[in-house]
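Asker: The structure under discussion is supplied below as structure tokens; questions concerning it will follow.
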Amino acid sequence: MNGLGRAWVAEGTAKAAQESVNLMLVSKRGNDPHDAGARHAVDEALTSTNNNEHYKAEDFWVWLGRRLNQARPVGEEKGLGYLIPFFEEGGDVSDVDAELKETSTYGGPGLSGLSAAYLDWVRNQAFEKAIQLGPDTLGQACAYEGTFVDQLVTLDYDAEEAPPVDHRFTLDPLNSRVVRFDFGSFVLGPYEALASVDADDTAVKIKFFDDADAGTRDCRDGGGTSEVGNQLVQHQARDGEHRHYALVSNTDLSQSHDATASAEGLQQGVHVIAPGDDASYDEGDQVFLEAAATGFSSYGDDFSIEWSYENDDEEREIVATTGQREGERVQLPASTARSPSTATNDTQSASTIVSPSCTPSEETFTFHMDETNSGEVWSDGETQDVKVNPLEDGSGMVLVGDTEGGFGVRGYLDFDLSTLPNDLSSVQSAEMTVFFEDSFGDPYNDLGTLQALHDEYGTLEASDYPTSTPRPGLYDLADTPDPFGNVTVDVTTAVRDAWDNRETMDEDVQFILYFDIADQHDDNEDDLLKISAYEPEQGGPVVPTLDVTVEH
């Protein structure tokens, strides 16, 4: 292996090997920077070569070996053999990442590979102490280990003074920083404040620890820690000092990212933790609601936080009620664009609004042409209805064009929409499909473009040939079908109009099919297009269909 980019692997594993054969152990050779007695700082990038940090990376490799052994059955633990696959891969950052994802407990979806292993390691070294590394033990209590952090960021908050200036810092790849928030103890009255860290990318992971963690054993699953980017501080009169720590880690393997630490006092209100304003979900998803009220004089048994939304009747409907800083998973309806959260006790109340985006659920309905009110009308007034059983009467078609005798023929298609759900939010789209089964003569050259006019002809009658009650929507039907013989046209405008006016149009959408140049052409031959009108179960070409997609 060559290059400084791999030194943390080459030198770090070499130092780990000095004391490790069957069990991974740290070196015992004191504080020489080439030995592991000088442990790796968590605020120095894992791959750094500064100040011989690549030798101190032994710290990570010993920890990783012990971590991976935790997942192996007793008697099947590995010593140095666990390092072999990393060298076989190549030993670079990407190689270590690929190997961890492929063969270790750090595989799988989400945060995985070297990013996840690094985050576990840096938490363990800075706070969690869940894995013993050898005689130079860290202990198992969950508490801040200051000896491994040089670049501590400290923000002091005093409720009687202006909030501290925000502190912005940059994290290199696989690099962490600890932020300490100190809240004063000399304020006579109670106050509330918010310690927060914001990052410019989700690769930056933020975990808060507070004083309560100092006596907690195995704090990996809670014990006063929080994965969110802020911590609410409630300070009562004559309280001692409140101290909170935030471990801020860049798990990105190649890109640097910025983060900003801040502390501010809070007025009475509701601080929404989840969902954020930019949260997006599909209708039917479980949405996690969590909020913390601020500035209240009492958070007793009478205290609650309500989550609600405004329904279609502009009435507020409550979907969840929780206590202070509790969370609950609920389903929000598709119409939810603004979800008020209101905190109350016997005497005080405060509200805020969160605006997650919701993609409503969609459903597609397929309608067959209504045979009883569809068919064709000839210019001589002869009505040719499509029968319920078209095979018996030799029909099974709708003709459009003209005949040898000079009669014009128009097609009439009716679709009954009455089975659409009455409470649908909107018609998203609609497509009509017809099957061109055959043609006679040359209808396209003689008669022009086949068109479908959205019309309100009602019950099919002979008088419908010369008369028309057009509605919005005039569509050209392509003269070249798809490979299956179908022609599909977007008729969304027509279906929306029909549905919106269903009280006067009897919940039907109707179309008249004709050629745009002439209904008849005096060439003494049939120029007719045959549109199939067979029901699918009869095995032949199928009936015209209408596919309507709606939002609920």
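Asker: Rounded to two decimals, what is Rg over Rh for region 264-376 when you use alpha-carbon atoms and the Kirkwood radius?
Answerer: My calculation of the ratio gives 1.24.
Asker: On to the next question. How do 66-73, 193-200, 454-461 rank on mean C-beta neighbours within 10 Å, highest first?
Answerer: Ranking, from highest mean packing down: 193-200, 454-461, 66-73.
Asker: Restricting to Cα pairs below 8 Å that are 6+ residues apart, what does the relative contact order work out to for region 46-136? Please round to a whole percent.
Answerer: 24 percent
Asker: Could you do me a favour and compute the accessible area per residue for region 164-210, 1.4 Å probe, result in Å²?
Answerer: Per residue, region 164-210 has an accessible area of 40 Å².
Asker: How many percent of the accessible area of region 254-370 is carbon or sulfur, using a 1.4 Å probe?
Answerer: Accessible surface attributable to carbon and sulfur in region 254-370 totals 38 percent.
Asker: Additional query: For Gln236 and Thr347, FRET efficiency with R0 = 22 Å and r from the beta-carbon atoms, rounded to 0.05?
Answerer: Step by step, r from the Cβ atoms, then E = 0.75.
Asker: Less than 12 Å Cβ to Cβ from Asp201, Lys/Arg counted +1 and Asp/Glu -1: what total charge do the surrounding residues give?
Answerer: -3
The values are calculated or read from the model by the stated rules, or taken from the named source; none is laboratory data. Quick caveat, the model's predicted, so the values are computed rather than measured. Don't worry about glycine lacking a Cβ; one is built from the backbone with ideal geometry, like all the others, and counts go over all protein chains shown. These area figures cover heavy atoms from the full protein model, side chains too; ligands, DNA and RNA do not enter into them. Shrake-Rupley method; radii C 1.70, N 1.55, O 1.52, S 1.80 Å.
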